[in-house]
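Structure record follows, encoded as structure tokens.
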Amino acid sequence: MNIDLSTLLLQAVNLLVLLALLRWLLYRPLQKVIAARQALVAKALAEASDQVAQAQQTASELQAQQRTLHAEQARRLDAARQEAAAEREQLVASARLEARALLDAARVQLTSERQEAESKLFEEASGLAVDLAGRLLADTPVGDSPFIDRLLAQVAATPVAQRAQWFPSGRVRDVELCTARALDLAAQEALQARLQTLLGEPLALSCTHDGALIAGAELRFALGTLSLHWAQSLEEARHALAPVAQEVA
């Protein structure tokens with residue numbers, strides 16, 4: 001087989017020209033397109049990376065905000081619990097103070113009522129004792145003469161100037177003698193004579209009797225009275241026991 005060198009050389013030149021044309025017309029534009037595509041992909045990758053980073057940053061911020069919210073919620077919940085505990089303690093303390101005040105008031109009221117009851121009981125008991133003494137003395141046969149004698153002794157011991165104050169001036173000296181038991185006529189006459197000796201004339205004596213005196217007598221003048229009887233003594237005893245009842249209270 002014979003190989004033509006000029007033909008081979010021409011084919012080689014044609015091939016080189018074709019490769020040069022292909023490089024100039026096809027390869028370079030293709031490289032530019034590929035480079036442009038690569039730039040676009042790189043840009044897209046960079047943007048995606050930026051978006052991922054931004055998303056991660058946003059997620060981190062959201063997580064931080066969430067942690068902050070959880071911490072704030074925990075703080076507020078703890079503050080609310082502490083406030084509720086303080087209010088509960090305050091309510092309990094207020095309830096204790098109120099209960100203590102009510103208890104103290106009840107004790108004071110109970111003490112007052114007990115003292116008042118004791119006072120009333122003592123007063124009733126003393127009243128009953130005085131009434132019982134009055135009934136017993138009323139049943140005791142005691143004459144009025146000793147009381148009358150003591151009354152006349154009081155008249156005699158009274159200064160003359162004070163006796164003059166018992167009667168209005170310029171009038172008959174009226175005297176009433178009230179005894180627990182009625183006096184007979186002879187006793188009345190004897191008494192009038194004794195009074196005239198003490199008080200002088202003129203003297204008008206009237207005699208009455210009142211069983212409420214129990215025993216004793218009263219000399220009643222126009223401007224004064226002299227008393228000496230058991231009813232008066234019992235009444236004085238009743239008044240004397242009244243301060244004792246107040247001291248018991």
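Before moving on, here are some points about what is shown:
- With q set to 0.11, 0.19, 0.20 Å⁻¹, the log10 of I(q)/I(0) for segment 1-103, from the Debye formula over equal scatterers at the Cα positions, is -0.75, -1.01, -1.04.
- Calculated diffusion of the chain, Stokes-Einstein form, Kirkwood radius summed over Cα pairs, 20 °C and 1.002 mPa s, µm²/s: 68
- Rel. contact order, % - alpha carbon contacts under 8 angstrom, at least six apart, the chain: 20
- When segment 192-245 is reduced to its Cα atoms, the Kirkwood hydrodynamic radius in Å: 13.3
- Interchain or long-range residues, amide H under 5 Å from A217's placed H: L228, H229
- In order along segment 215-228, the Karplus-derived 3J(HN,Hα) couplings, from 6.51 cos²θ - 1.76 cosθ + 1.60 at θ = phi - 60°, round to 7, x, 7, 10, 9, 10, 9, 5, 10, x, 9, 10, 10, 7 Hz, and Gly and Pro are given as x.
- Label separation (R171 vs R67): 11.7 nm, computed from points 7 Å beyond Cα along the C-beta direction.
- One Cα centroid belongs to segment 1-30, the other to segment 58-121; the line between them spans 105 Å.
- Label sites at A101 and L16, each approximated as a point 7 angstrom past Cα along Cα to Cβ, lie 12.1 nm apart.
- Less than 5 angstrom separates the built amide H of H209 from those of T179, all sequence-distant by 5 or more or on a different chain.
- Element breakdown for the chain at a 1.4 angstrom probe: carbon and sulfur atoms account for 60% of the accessible area.
- When the Gaussian network model of the chain links Cα atoms closer than 10 Å, the mean-square fluctuations of A190, A39, A157 top out at A39.
The values are calculated or read from the model by the stated rules, or taken from the named source; none is laboratory data. It should be emphasised that the depicted structure is a prediction, and the values quoted were computed from it without experimental measurement. Neighbour counts run over all protein chains shown; Cβ positions are idealised from the backbone, glycine included. All accessible areas refer to the heavy atoms of the entire protein, side chains included, with ligands and DNA or RNA removed. Shrake-Rupley method; radii C 1.70, N 1.55, O 1.52, S 1.80 Å.
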